[in-house]
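Here the structure comes first, spelled out in C-alpha cells, and everything after it is commentary.
The values are calculated or read from the model by the stated rules, or taken from the named source; none is laboratory data. None of these values were measured; they are calculated from a predicted model. Cβ coordinates were reconstructed from backbone atoms using ideal geometry, including for glycine residues, and neighbour counts include every protein chain displayed.
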Amino acid sequence: MTVETPHRCAHIERNTLETQIHLRLDLDGNGQAHFQTGVPFLEHMLDQIARHGLLDLDITAVGDLHIDAHHTVEDLGITLGLALAAALGDKRGIRRYGHAYVPLDEALSRVVIDLSGRPGLIYQVDFTREMIGNFDVELFREFFQGVVNHAGMTLHIDNLRGNNAHHQAETIFKAFGRALRMAVEPDPRMTGIMPSTKGSL
C-alpha cells in the first residue's frame, strides 16, 4: 500500500489478493466524482457522499466480483477510511463533529460523526428489502465498518423511517456526506487548535 498526502488530499493504493483499489480524495473539492468499481449501485451512493460532502473522489477498483461484491465493497470502505485519516492529518483546526438529517420522500435518516480517533459504529437500519437491484443491502454495513475502523471515527447511522429501500440508502449516504462535510470543515475559531482536551485525536 502506498499513501500520498498533499494538503488535505490523499492518494491511496491498496492491493490484496481480493481487490486492487486506487483512490484519490480531496476534502476541499467541489463534489466531483469518478468511479470504476464494477458495483454500480455503490457508485451511485458514493456519488452522494462526494456531492453532498463537497469533496472530490476518484476511485478505480478491481475485485473478485465473480464471487460476489462483499470484498470489493468492504475494501472500498477500508480504503476510503485510510484516505480520510491521511487527508485529515492531526485534525488541528477542524470542527470534529458533524451531523445531518436528510429526507427523500417518505424516507428520513440521521447521521452523526465524531472524528474522535476511536472507531465505533452504531448502525440502526432496517431495510425494507434485502436487494436493491443486484446489490445486497447488508454490504452497506460492511462498507461503513471499513470506513470507521480505518478513519478512526465514531459514526451513528439511523434510518428513522422509509418504505422504499433505495430511498433509505440514499438518505443514509447523503446524510453521511453532509455530516462529514461539517466534521472536516476548518473552524475559524479553532485555527491551529486541537479539538480535544487530550491534546491529540
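Per-structure values
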{"quantity": "Qualifying strands (runs of 3 or more DSSP E) (wholly inside region 1-87; at least 2 residues being of a type in the set (Asp, Glu) and touching a residue at least 24 places away in the same chain (Cβ under 8 Å))", "calculated": "56-63"}
{"quantity": "Hits in region 141-154 (condition: more than 10 Å from the chain's Cα centre (by Cα) and not basic (Lys, Arg))", "calculated": "GLU142, ASN149, HIS150, GLY152, MET153, THR154"}
{"quantity": "Extreme residue, farthest from SER116 (Cα to Cα), among residues of region 36-67 that are of a type in the set (Asp, Glu) and touching a helix residue (DSSP H, G or I) at 6+ places or on another chain (Cβ under 9 Å)", "calculated": "ASP64"}
{"quantity": "Pick from region 17-31, criterion touching a helix residue (DSSP H, G or I) at 6+ places or on another chain (Cβ under 7 Å) and surrounded by fewer than 18 Cβ atoms within 10 Å (Cβ to Cβ), ranking: farthest from PRO103 (Cα to Cα)", "calculated": "GLU18"}
{"quantity": "Count of region 129-179 residues which are of a type in the set (D, E, K, R), farther than 26 Å from ARG95 by Cα and either touching a helix residue (DSSP H, G or I) at 6+ places or on another chain (Cβ under 7 Å) or in a helix (DSSP H, G or I) (or both)", "calculated": "2"}
{"quantity": "Every residue from region 165-189 that is in contact with a strand residue (DSSP E or B) (Cβ under 7 Å, 6 or more places away or on another chain), surrounded by fewer than 16 Cβ atoms within 10 Å (Cβ to Cβ) and not charged (D, E, K, R)", "calculated": "PRO186"}
{"quantity": "Leading residue by the ranking (surrounded by the most Cβ atoms within 10 Å (Cβ to Cβ)) among those in region 43-83 that are over 14 Å from HIS22 (Cα atoms) and of a type in the set (Gly, Ala, Ser)", "calculated": "GLY53"}
{"quantity": "Odd one out for VAL102 among (1) buried (at least 18 other Cβ atoms within 10 Å of the Cβ); (2) not in a strand (DSSP E or B)", "calculated": "(2)"}
{"quantity": "Every residue from region 61-78 that is farther than 10 Å from GLU142 by Cβ, aliphatic (A, V, I, L, M) and touching a His at 6+ places or on another chain (Cβ under 8 Å)", "calculated": "ALA61"}
{"quantity": "Some residue of region 118-140 being under 16 Å from ARG178 (Cα atoms) and modelled with pLDDT of 95 or more", "calculated": "no"}
{"quantity": "Every residue from region 48-75 that is among the charged types (D, E, K, R) and touching a Leu at 6+ places or on another chain (Cβ under 8 Å)", "calculated": "ASP56, ASP58, GLU74"}
